[in-house]
Amino acid sequence: MTVDPSLVAQFAPTGVLRVSLNMGNPVLAHSRTAVERPAGLSIDLARRLGRELGVDVRLLEFDTAARSVEALAAGGADIGFMAIDPQRASSIEFTAAYVQIEGVYLVPQDSPIFSNDQVDQPGIRIMVGAGSAYALYLSRNIKQAQLVTVATSEAVVDAMLRDKLPVAAGVRQQLESDARRVGAARVLEGRFMVINQAMAMPRDRSAPAHAYLADFVERMKREGVVAEGLQRHGIEGARVADAG
């Protein structure tokens, strides 16, 4: 596949494809493997896109979704991998989702809370990662409980236990891992939201560039690349999103 040079320039104006990564979401990227650091589905897709465009890829690692979004919105990155959210869409343009994951709650093991509908109650404080997609969602939908933020999603459970809060919110994979690690917490059954993970570009890039990225995501789903990546990286509890 030969891509028009003017289109390549929209993706890589500096000559390389700068990729904004949220290292705080284990479904997207992680640094656990000794073979490839970082690794993950988003890195696989970024490198695949770079090969199509014929440019090198530079991975920019951020510890939170908020910082990853900020870099992309400011033009410090060319593409990113992040959850679709209307607040973020004011400065970046999303493709359709390529993966769907779940936002869930975690509580201490001896908590009297056993269902999601018990969470949004007066006096309940929920620990969330600042600027995360699930925190943005809860800020619009929680009516009676109070959100308390900590810097990163990876720190949510430890902060909840330290400050003796009754609930933590987060991505299922992260909270289930944390529950096993601390041994004194449990994830509630069900979910409070579906998190649609997509690719994105700054809004000021050309319409053909946005269209190319949208088509790329659909091809990666259709050709089984996304499904294979989830399996290869051992990601459970996530599903390939339907065609956009």
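Descriptive notes on the structure:
- Considering all different alpha carbon pairs of the chain, the Kirkwood hydrodynamic radius works out to 18.5 Å.
- Computed over segment 132-215, Kirkwood Rh from alpha-carbon pairs, angstrom: 15.2 Å
- Sparse packing (at most 14 other Cβ atoms within 10 Å of the Cβ) combined with a DSSP loop state is found for the following GluC sites (Glu not before Pro) in segment 186-244: E189, E223, E236.
- Space enclosed by the convex hull of the alpha-carbon atoms of segment 1-141, per residue, Å³: 135 Å³
- Working note: 222 nm ellipticity from helices only, DSSP H runs with n ≥ 4, each -39,500 (n - 2.57), summed and divided by the residues of the chain, gives -10000 deg cm²/dmol to the nearest 500.
No lab work stands behind these numbers, since they all come straight from the coordinates. Predicted model, so just to flag it, every value in this text is computed and none were measured. Methodologically, a virtual Cβ is constructed for each residue, glycine included, from the backbone with ideal geometry; neighbour enumeration extends over all protein chains shown.
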